[in-house]
Amino acid sequence: MASPLVQLPLIQNWSCHSCGGCCRKHLIEITEEDRQRIAEQKWSPADGIGNDGPPVVWHAGPPWKKRYRLAHRADGSCVFLNEQGLCRIHAKFGEAAKPLACQVYPYALHPGGRKLALSLRFSCPSVVANKGRPVSLQVRDLKRIADLTVPPTADKIPPPEISPGVRVDWTEFHRFVDALDATLAEPGVDLLTRLLRAVFWVRLVGQSKFDVIRGNRLDEYLQIVTEAARNGIGEVPAVPREASRAGRLQFRMLAAQYSRVDTFEKAARGLGGRVRLLRAALRFARGRGDVPPLHPGFHAVPFSRLEDRFGGLNSEADAILTRYFRVKIQGLHFCGAAYYWVPFVEGFYSLALVFPVVLWQARWLAASESRDQISTDDVARVLAITDHHHGYSPVLGTRSSRRRVRLLAHGDDLERLCRWYAR
């Protein structure tokens, strides 16, 4: 796939601000070429490297197909992160000498037929804050990254299914994506209403067959579905209904997964750490007593406290989450090769569930500080935590996790959860 055309999210800015968060949050897996290049760089204790062991360790895999990652210190930081929060490799040899995973982050390129769709990872605080240069002005850098990461056969990857057993070609698939994005971009409407309309829209699509709906007829169909969603979801009721008992249980388990800290520091705690996670999971399943604090900044507060009213989203937080959903949709970062190979419909349900998860976590953060209103900063902080997992935590791609999403979407629990936690 020579000189791929990269489809950019025009609503997003980003530049690195050297916070060092990505060097602490992530286990950085590297290629054999990366490993050899780092070995040839001949790092030593004089460079601040080597006191805690080799800079590269064997991560997993059989001896004939080893996988490697960068070593981490006891505090969870990469061995190449210096005291100023900068990468020693970058400082000494330049950006191109860094491991490929480090050069790419927080960008994520996904196949889209004859072009590549670009998304960004909101686990980076600068992405959440929309800080830096417009992504639309970074075409040269993105093409360089695409040349390094995208296989030449990427244009042969088929589009995701719309729903199980239902496929269209890439041109038509992009029409679905554009129509869904337009539903979430409608001006003058709050995000909750737009998101509920998008869920309504996707439900209708999931119930349809497209054997004879092609070309102009597909455009007409999508226009009809969009209008039906606009008319089907009006004002949000003043007294929303709580999710079903089974729905609340499934949601708490999903929120627990998104609230975990999966770093080297936590993984290194061995059996004791896994036992603590199991105990926390049991408490989330019961939903009584205090919420076990899984992440720094979250304190033990009663589960019942998080069911109170917290005032909903202000306009700034609404804008952050709107940008998040639109970047993920435009970047195809919710289905197919970019998201556990799930169909379009199921993938959007998973993405929509991020909304109540983020609001539940924002309530937890506010309650931890004895506040009864969520702030823009609360939403920004928890969105970075949640998106650290979304599409990257293997657990979310398992059969049990996918079944949880389908159960929440099968009735109206998904919509109830969105309304409940937005109040």
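The values are calculated or read from the model by the stated rules, or taken from the named source; none is laboratory data. What you see is a predicted model; the values in this text were computed from it and never measured. Counting neighbours? That spans all protein chains shown, and the Cβs are built from the backbone with ideal geometry, glycine included.
If we scan the range 40-56, do we find a residue that is basic (Lys, Arg), out of contact with any strand residue (DSSP E or B) (no Cβ under 8 Å at 6 or more places or on another chain), surrounded by 15 or more Cβ atoms within 10 Å (Cβ to Cβ) and modelled with pLDDT of 80 or more?
Looking through the range 40-56, none of the residues is basic (Lys, Arg), out of contact with any strand residue (DSSP E or B) (no Cβ under 8 Å at 6 or more places or on another chain), surrounded by 15 or more Cβ atoms within 10 Å (Cβ to Cβ) and modelled with pLDDT of 80 or more.
Collect the residues in the range 293-325 that are assigned to a loop (DSSP other than H, G, I, E, B) and under 17 Å from Cys124 (Cα atoms), keeping them in residue-number order.
His295, Pro296
Test Val127 against the criterion of being out of contact with any Cys (no Cβ under 8 Å at 6 or more places or on another chain) and surrounded by 20 or more Cβ atoms within 10 Å (Cβ to Cβ), and give yes or no.
yes
For the range 1-23, which positions are at pLDDT 85 or above and either surrounded by 15 or more Cβ atoms within 10 Å (Cβ to Cβ) or out of contact with any Gly (no Cβ under 8 Å at 6 or more places or on another chain) (or both)?
Ile11, Gln12, Asn13, Trp14, Cys16, Gly20, Gly21, Cys22, Cys23
Looking at (1) within 16 Å of Phe122 (Cβ to Cβ); (2) touching a helix residue (DSSP H, G or I) at 6+ places or on another chain (Cβ under 6 Å), which is the only condition Leu396 fails?
Going through (1) within 16 Å of Phe122 (Cβ to Cβ); (2) touching a helix residue (DSSP H, G or I) at 6+ places or on another chain (Cβ under 6 Å) one by one, Leu396 breaks only (2).
Listed residues Val239, Val225, Val168, Val212; which is of a type in the set (A, V, I, L, M), modelled with pLDDT under 95 and closer than 20 Å to Gly331 by Cα?
Step by step, each of Val239, Val225, Val168, Val212 is checked, and only Val168 is of a type in the set (A, V, I, L, M), modelled with pLDDT under 95 and closer than 20 Å to Gly331 by Cα.
Tally up the residues in the range 204-222 that are surrounded by 14 or more Cβ atoms within 10 Å (Cβ to Cβ), free of Cβ contacts under 8 Å to residues at least 24 places away in the same chain and not hydroxyl-bearing (Ser, Thr, Tyr), please.
Number of matching residues: 1.
Could you check how many residues of the range 130-168 are surrounded by 14 or more Cβ atoms within 10 Å (Cβ to Cβ) and either on the phi > 0 side of the Ramachandran plot or not in a helix (DSSP H, G or I) (or both)?
Residues flagged as surrounded by 14 or more Cβ atoms within 10 Å (Cβ to Cβ) and either on the phi > 0 side of the Ramachandran plot or not in a helix (DSSP H, G or I) (or both) within the range 130-168 amount to 15.
Select from the range 282-301 the residues that are touching a Pro at 6+ places or on another chain (Cβ under 9 Å) and without any contact (Cβ under 8 Å) to a residue 40 or more places away in the chain and write down the one among them that is surrounded by the fewest Cβ atoms within 10 Å (Cβ to Cβ).
In this case the residue turns out to be Arg288.
Can you list the helices (runs of 4 or more DSSP H) lying wholly within the range 341-391 that have 2 or more residues being more than 16 Å from Arg404 (Cβ to Cβ) and without any contact (Cβ under 8 Å) to a residue 40 or more places away in the chain?
It comes to 376-389.
Does Ala338 qualify as being under 30 Å from Arg197 (Cα atoms) and touching a His at 6+ places or on another chain (Cβ under 6 Å)?
Taking the combined requirement at face value, the residue satisfies it.
Can you pull out every residue in the range 105-124 that is in contact with a Ser or Thr (Cβ under 9 Å, 6 or more places away or on another chain) and either crowded, with 23+ Cβ neighbours inside 10 Å or outside any loop (DSSP other than H, G, I, E, B) (or both)?
Within the range 105-124, Tyr107, Ala108, Leu109, His110, Phe122 meet the criteria.
If you scan the range 321-351, which residues turn out to be farther than 14 Å from Tyr392 by Cβ and among the charged types (D, E, K, R)?
Residues satisfying the conditions are Arg323, Arg326, Glu346.
From Ser304, Ser315, which residue is at pLDDT 95 or above, loosely packed, with under 15 Cβ neighbours inside 10 Å, under 16 Å from Leu195 (Cα atoms) and of a type in the set (S, T, N, Q)?
Testing whether each residue is at pLDDT 95 or above, loosely packed, with under 15 Cβ neighbours inside 10 Å, under 16 Å from Leu195 (Cα atoms) and of a type in the set (S, T, N, Q) leaves just Ser315.
Tally time: how many residues in the range 372-399 are among the acidic types (Asp, Glu) and either farther than 13 Å from Val357 by Cα or surrounded by fewer than 19 Cβ atoms within 10 Å (Cβ to Cβ) (or both)?
2
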